Amino acid sequence: MSYRFRGLAGACGGAVAVALLVVGGFAGDARPPRAGAGGGAGAEAAGTAVGAYLHYGSPGVERMAELSRWLGGTEVRAGHTYLPGDTWANIEGAPESLRSWARWRKERADRLFVLNVPMQERNEAGVPDGRVAELIRAGARGANDHHFRRLARRLVDLGVPDTVIVLGWEMNGFNYTHRCRPDPANWKTYWRRIVAAMRSVEGQRFRFDYAPNRGGDAIAWTSCYPGDDVVDVVGMDSYDQEPGRTFEEQVTQPYGLRQQVDFARAHGKRVSYPEWGLFRHGDNPEYVRGMLAWFDEHEPLYHSITDYCPHGVWQCGQNPRSAQVFREVLSGRRL
């Protein structure tokens, strides 16, 4: 899978870049009781939260209400953004836009704030496997615990102690410095240390979302799973691209949508879809219809479309038929 930096304003709606991704599922009840020591309250009881990635900073907050109006009043309840992975200061929560996101979250009790958190600095710098393995081992020994405690304190101080933390997303891929393949055993230990560090902060009620790419990619995502006690949600990033030319193939492929939902149910977790959208096959309304039907069937904690070109349906005008499906299916819902 390729990837892109999410920390800079870009084209098609001023969003930032994304990675290429994918998802998993099964044909049954994907809403097991939450098991884990993190915590979050009201939003989960309200069912699936519709979300969108609109911009990493304050403009993303402002566009949430506009998207809701475009959807005929449907509340966009999942606010989704990323911490830049360039420096430890940013991973610790330095971006001032977190204040805007925190204000948005606190306006309604049933909203979710979803925050992608890198596990390493220089996260998109093309660091080679050997160096990544060294960094993983250092993290597993506790070298970075203080960075994540600082992030946790910042989120608690901002009044968003129930943030959904998408930690080390797409760890099964080839690109991010927080990828798992160079040392899976120590990567799992490192994840566990991060969760322990963040949960040590008084007042926190974080939920930790384990969100690989759909498909096998560089390593089977099941090989990196760090344990039920440190994972609260089993997510998946899924775009309209191979492996899986059709939506049905994306469901049934190894490590695809069905396997994700089966895995989550077996481990007593809810599912989520932090990133999804169009990509390799242009304006594809059948894909959008299939994804939205999948969400209706399996009721994830939240789903968040990546809404800028080429992935999006609102800020990107190049997918009009997909936009029509998205709007028709979701308009006027009280979710």
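The values are calculated or read from the model by the stated rules, or taken from the named source; none is laboratory data. Here the structure is a predicted model, which means the values were calculated and not measured. Every residue, glycine among them, receives a Cβ derived from its backbone with ideal geometry; neighbour counts consider all protein chains shown. Side chains included, ligands, DNA and RNA excluded: accessible areas come from the protein's heavy atoms. Shrake-Rupley method; radii C 1.70, N 1.55, O 1.52, S 1.80 Å.
Distances between every pair of Cα atoms in the chain, grouped in 20 Å steps from 0 to the bin holding the largest one, split as 35, 61, 3 percent.
Rolling a 1.4 angstrom probe over the chain with all protein chains present gives an accessible area of which 49% lies on carbon and sulfur atoms. A full extension of the chain between Arg321 and Arg280 corresponds to an added length of 13.2 nm, given 0.36 nm per residue minus the alpha carbon distance. Note that the range 186-191 has calculated 3J(HN,Hα) couplings of 6, 4, 5, 5, 4, 3 Hz, one per residue in order, obtained from phi through the Karplus relation 6.51 cos²θ - 1.76 cosθ + 1.60 (θ = phi - 60°); glycine and proline are x.
One way to sum up the overall shape of the range 219-335 is the equivalent ellipsoid from its Cα gyration tensor, whose semi-axes run 26, 16, 12 Å, largest first.
Per-residue ellipticity at 222 nm, computed for the chain from helices alone with -39500 (n - 2.57) per DSSP H run of at least four residues, works out to -10000 deg cm²/dmol. Couplings for the range 61-68, taken from phi via the Karplus curve 6.51 cos²θ - 1.76 cosθ + 1.60 with θ = phi - 60°, read 5, 4, 7, 4, 5, 5, 4, 4 Hz in order; Gly and Pro are left as x. The phi-based Karplus calculation (6.51 cos²θ - 1.76 cosθ + 1.60; θ = phi - 60°) puts the 3J(HN,Hα) values of the range 237-245 at 9, 9, 10, 7, 7, 5, x, x, 5 Hz, whole numbers, x for Gly and Pro. Put simply, the amide H of Asp86, placed in the peptide plane, has neighbours under 5 Å in Arg122, Asn123, leaving out anything fewer than 5 places away on its chain.
Using the Cβ-Cβ distance between Ala185 and Glu299 with R0 set to 25 Å, the FRET efficiency from 1/(1 + (r/R0)^6) comes to roughly 0.15. Segment Arg108..Arg205, full-extension length gain: 33.2 nm, with 0.36 nm per residue of separation and the alpha-carbon distance subtracted. Projecting label points 7 angstrom from Cα along Cα→Cβ for Arg154 and His267 puts them 2.7 nm apart. As a length-normalised measure over Cα pairs under 8 Å and 6 or more apart, the relative contact order of the chain settles at 26 percent. For the pair Arg131 and Thr246, a Förster radius of 41 Å applied to the C-beta separation gives a FRET efficiency near 0.60, rounded to the nearest 0.05. Using C-alpha pairs below 8 Å separated by at least 6 residues, the relative contact order for the range 54-106 is 37 percent.
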